[in-house]
Amino acid sequence: MIATLTGKVQSVSGESCVIDVNGVGYQVFMPLPALETISRTGEPVRVFTHFHLREDGAALFGFLTPEDKAVFEKIIGVSGIGPKTALAVLGTLSGGRFAEAVHNEDHRVLTSVSGIGLKTAQRLILELKGKLVRVSGANEAGQKAGAGFDSSFGDAVDALVSLGYPQKEAVTAIETLTAAEPGLTTPELVRRALKNLGRK
C-alpha cells in the first residue's frame, strides 16, 4: 500500500496531477482546492494517499493533510458513495465544514455539493453522524481542512453500537461526555458511557 508520496509536481490536469518520485510518475486524483495549491510544476510536494482498487481498475487519491484523507475514507465507507463523490465533497467543503454539516443534519450545505441530492445527504448523515465531530464555528475559509475528524469519538460510538445501543443514543452519550471533559480516550469514553447508560 502507498501511504504517502514525496516528490515534485510534473503536471496538473483536470482532477489529477502527476507527481514525479525518483523518476517514476504517479497519477494522483485530488480535490480541486488541493490541486490549485500545488499547481506550480517542479514544486516539491508531499501527499497522503489512498489506493482504491475495484473491478474496472485502480486509482490513487491524494490529500495535503492526513485529516482530509481520513474524512475521504469515512465518506467512501458510506453505502453507495464512491471516490468521485467523496472528492467532490472535499472540493466544495473543508473537512471541518463537512463534519459540522453532518452533525447539524444540514441538508442544505450537503446538497450544495455537485452530485449529492437529498437522499444521498440523508444517507451521509445517517451513517456518519457521530463519526465526525462538529467544529464549533467552522467555516470554509477559516478552519484547517479536516479539523472536524476525531477518531476516538467515532470509535467510541462504534463500540456502543456494536454492543447493541441505537446509533442516536450512542452519539448523544458520547457527545455529553466529550462536552463535559474533552480529550478522553476511546476506552474511557466507552467505559463512562456504559456507566451512564446503565443508570437509565
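Over all projection directions, the Cα-based convex hull of segment 150-198 averages an area of 2.8 nm². Over the alpha-carbon set of the chain, divide Rg by the Kirkwood Rh and report the Rg/Rh ratio to two decimals. My calculation puts Rg/Rh at 1.02. Quick note on segment 4-63: its Rg to Rh ratio, both from C-alpha atoms and Rh being the Kirkwood radius, is 0.95. The helix-only estimate of mean residue ellipticity at 222 nm for the chain, built from DSSP H runs of length n ≥ 4 each weighted as -39500 (n - 2.57), is -13000 deg cm²/dmol after division by the residue total. Remark: for residue pairs LYS8/LYS84; LYS69/LYS129; LYS84/LYS168; LYS69/LYS168, the C-alpha separation exceeds 21 Å in LYS8/LYS84; LYS84/LYS168; LYS69/LYS168. Helix 186-198 and the longest principal axis of the C-alpha atoms of the chain enclose an angle of approximately 30°. By the rule of a C-alpha distance below 12 Å, with chain neighbours fewer than 8 residues away ignored, the aspartates and glutamates paired with LYS131 are GLU73, GLU100, ASP150, ASP155, ASP158, GLU175.
Helix 66-76 versus the longest principal axis of the chain: what angle, 0 to 90°, nearest 10, using Cα atoms? Approximately 70 degrees, to the nearest 10. To the nearest ten degrees, helix 167-180 and the longest principal axis of the Cα atoms of the chain are 90 degrees apart.
Any read-out appearing in this document is the output of simple, stated calculations on the displayed coordinates, not a laboratory observation. Note that this is a predicted model, so its numbers are computed, not measured.
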